[in-house]
Structures are given as structure tokens and as C-alpha cells.
Amino acid sequence: AQRVTQPEKLLSVFKGAPVELKCNYSYSGSPELFWYVQYSRQRLQLLLRHISRESIKGFTADLNKGETSFHLKKPFAQEEDSAMYYCALSPGGKLTFGTGTRLQVTL
Amino acid sequence: GAGVSQTPSNKVTEKGKYVELRCDPISGHTALYWYRQSLGQGPEFLIYFQGTGAADDSGLPNDRFFAVRPEGSVSTLKIQRTERGDSAVYLCASSRGTGLTGELFFGEGSRLTVL
């Protein structure tokens, strides 16, 4: 069975500091991995997906199959990055989400 | 038009009652998903439709839960004999097609409280 683990419920960083939100997955096949974000009073929305290898709002995530990880990184945190972040795995047809990490960026 | 629409936004009911939650997906999206999110948890998959048929209903917790999408657009999640443990936010999402290289667009959710 597939599983997504986000070990931190809350990550608090200062503005301008680097951010790393951890995500590990368990899946025997070739996964598709995503990061979704929910800003305050907004809907859950896609941030980025590993197949696109893109940088969105300064965030990047690299799939490491050896470590079964898909950590989300940003070199310099901004206040507007404060939100709930969910890592998600798709073996096809549906998404399995982690429990989420709340990122709090303070001045 | 706008994004995925869910009604009601809030529903309070008594234990044992029947509840229906409605989802209106983005026009043209063939895939529709239902998730449940309890406090402090990530969204938990319930069921997804491709067109009118349920492609995967493996997440429905028991036979009190049922969902339909008769015309391939609007979907209704039905919960019979509600229990306090059913209290959660029920999220609906839609996407353009099969597989998940595409993006899921979520609604704002229906918050269900069972007293």
C-alpha cells in the first residue's frame, strides 16, 4: 500500500531563512509526486509536480528514489509562504496525501 | 465559470440522520473525486468517477457511504445513518481526464458536523 509521511506538523522559520519541508513516501512502483498548498481561507491547490521539474513561487522539489523522498525547498522564505503544505503520491487514478506541515514564516 | 462548487458549505445534523452533499465540477472535467478531511489530518480519498461510473470506490469507509454522478457532471455524496465519527470536511475535486499528471481543482469543502 502507498503511504506519504510528513514528519513535521509545524515548521517555523524567519523571513529570509531557507525552508525545507520533508516528505517521504512508500510505494513499490514508479510514483508521481505532488505538493499541494492551502493558504488561509483558500482552497487546496497544486503547487508543483515532480514530472514538471519546475520552480513555482521559488519552491523546488526533487524526487530521490533512493531515499524515497520528495522534500520541498525554498532558499529564502517570504511571509506569503505561510500556509499548510501537503505532499501527495499518485500510483494512478487517485492521490494519497500526507498529514501536512504548517509553515509559519515570521519577521 | 468559477471553480468547483460544493453545497452546503456547512451542515449540522443529528446522529442517525441522512445527509447529501453536492459537488458541481468545473465544466468539461471528466474526472471527479471525493475526499474527507478530519481535523489535523490530510485529505483521505473516498471515491473517484470517470464520467458517470465510479472508477475507484476503495476509500468509502462502509456501506453507509454512497456517491453518484448520473450525468457525468454533478455528483452527490450520500451518507446514511450518520455517526459522530463522520464529522469532517468533505472535499470535492475535478480534473480534465484520467491519471494524475494533470491537476486536481478542489472545492472549498462541505463541513459536516454530526451531533
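Extents of segment B:8-97, largest first, come to 36, 27, 25 Å (Cα atoms, principal axes, whole angstrom). Here the dipole of chain B is about 300 debye; that uses its Cα centre as origin and unit charges on the Cβ of Lys and Arg (positive) and Asp and Glu (negative).
Using the Cβ of A:Arg102 as centre and a radius below 9 Å, the other residues enclosed give a net charge of 0, where K and R count +1 and D and E count -1. Placing +1 on the Cβ of every Lys and Arg and -1 on the Cβ of every Asp and Glu, with no other charges, gives the protein assembly as shown a dipole of roughly 320 debye about its Cα centre. How much solvent-accessible surface does A:Arg43 expose, in Å² to the nearest 10, with a 1.4 Å probe and all protein chains in place? Here the residue's solvent-accessible area equals roughly 80 Å². For the residue pairs A:Lys94/B:Lys17; B:Lys15/B:Lys78; A:Lys9/B:Lys78, alpha carbon separations beyond 26 Å are given by A:Lys94/B:Lys17; A:Lys9/B:Lys78. The mean sequence separation of alpha-carbon pairs under 8 Å and at least six residues apart, normalised by the residue count of chain B, gives a relative contact order of 37 percent. Scaled against the 2.2 N^0.38 Å expected of a compact globular protein of N residues, the Cα radius of gyration of segment A:1-90 reads 1.05. Express in whole angstrom the spacing between the alpha-carbon centres of segment B:55-115 and segment A:22-50. Value for the Cα centre distance between the two parts: 19 Å. With a Förster radius of 25 Å applied to the beta-carbon distance between A:Ala1 and B:Ala2, the computed FRET efficiency rounds to 0.10.
The values are calculated or read from the model by the stated rules, or taken from the named source; none is laboratory data. Since this is a predicted model, take the numbers as computed values, not measurements. Positions of Cβ are generated from backbone atoms using ideal geometry, with glycine treated the same way; all protein chains shown enter the neighbour counts. These area figures cover heavy atoms from the full protein model, side chains too; ligands, DNA and RNA do not enter into them. Shrake-Rupley method; radii C 1.70, N 1.55, O 1.52, S 1.80 Å.
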